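Report on the following structure.
Read-outs: derived from the displayed coordinates by stated rules, not from any lab. Everything numeric here is computed off the predicted structure, so don't read it as measured data. Please note: Cβ atoms are built from the backbone with ideal geometry, for glycine as well, and neighbour counts cover all protein chains shown.
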Amino acid sequence: MDGLDLIKTFREVAFRRSFSRAAISLGMSKATVSRYVAELETRSGVRLLNRSTRSLSLTDAGQVLLDRSTELVAMAENTLNDLQAHGSHPQGRLRMSAPHGLIAGWLSDVIAEFIKLYPDVYVSLVFTNSEIDLIEEGIDIHLTGGRIDDMNLIVRRLVPFDMVVCASPAYWARRGIPRVPEDLGRHDVLSYSAKPTTHLPFEIAGKPVDVPVHSRMEANDAVALIELALRGAGVAYVPEPLAQSHLERGALVPVLREHMPRDHWLYAAYSQRRHNSAAMRTMLDFLEQSMVQHGNPPAMPPLPPASQVLASSSTCALSRAPDAARATASAGRTDRPPRQSR
């Protein structure tokens, strides 16, 4: 056995916090896993794991080895994979996870095209808005638009996307269209959060600004907020591609687009030990190439005239029509140009 095999076995035990689970993951016997870790401790001259009949934890030396071996193992696996699997054929099961709303547009197009091109790959999708342990759940690729803090994962940026502030024509007709971000303070906001949102991020004069808002409700699924916004319940602040079809047909009307932050990206996260999968590498490359084409939505048309906004709502108050018209015209003149592909 070489040193790299010993370190990889130790890392699997450390991640799993169990010799038994590590043995199952590695396709080895528990005795072999235990022998490999013992051999590594003998070579290093220091105990790496604290063991008991019920638990297993890292010693200080074990934590140092786990932290410092991440790049070493990744580099070794990448090199071997590039040499040995350069011309391999993608095949087998590929397990992916993503937020619920992502299937509403982007991912469905990409997955449909991928399985047509690679019929020997079986794609298994898991949708969740909760934190997920990729190794424990056996996930090859996790797609997310949020921050990833796990230092044991590799993160690849796929495609930028915009956020959008939108509501139904009936809601805007009833409450008036905001002309500046601060105007949202008098609106009912539908929040995407584990807690009621008190501020929303915008850009004013090129600088980031957190604007205080009034949250009427919260949900951990952007699609749920979009559905409620369609019914006139309030204003949704959501990823634009998830609401794209509703925006294009006028069921939702966007505002304040010139003030939206532009630093949102869709990321793919995966664990280093998964590099030996040709299907995974092919999917990552395919995502990066395809998402640029599918991910950038077409340029949104200007806001509709106030007469159209009012006509779509049978409950609007006619006395407020002049205010809505002026706000709509002002918002329409400040639409930003379509973003170029990056």
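Observations, loosely collected:
- Packing-based order for 60-73, 31-44, using average beta carbon neighbours within 10 Å, highest first: 31-44, 60-73
- Stretchable slack from ARG231 to SER57, in nm (0.36 nm times residue separation minus alpha-carbon distance): 57.5 nm
- Simple label model, 7 Å out from Cα along Cβ direction - LYS30 to ARG157, nm: 4.6
- Taking MET28, MET280 and counting other C-beta atoms within 10 Å, the order from fewest to most: MET28, MET280
- Ordering ILE141, ILE103 from the fewest to the most neighbouring beta carbons within 10 Å gives ILE103, ILE141.
- Taking 7 Å steps out from each Cα toward its Cβ at ILE115 and GLU131 produces label points 3.2 nm apart.
- Net length gained if the chain between ALA205 and ARG249 were fully extended (0.36 nm per residue, minus Cα distance): 12.8 nm
- Straightening the chain between ARG186 and ASP285 buys 31.1 nm, computed as 0.36 nm per residue apart minus the Cα-Cα spacing.
- Phi-derived couplings, Karplus 6.51 cos²θ - 1.76 cosθ + 1.60 at θ = phi - 60°, listed residue by residue for region 240-255: 4, x, 5, 9, 4, 5, 6, 5, 5, 8, x, 5, 10, 10, x, 9 Hz, with x used for Gly and Pro.
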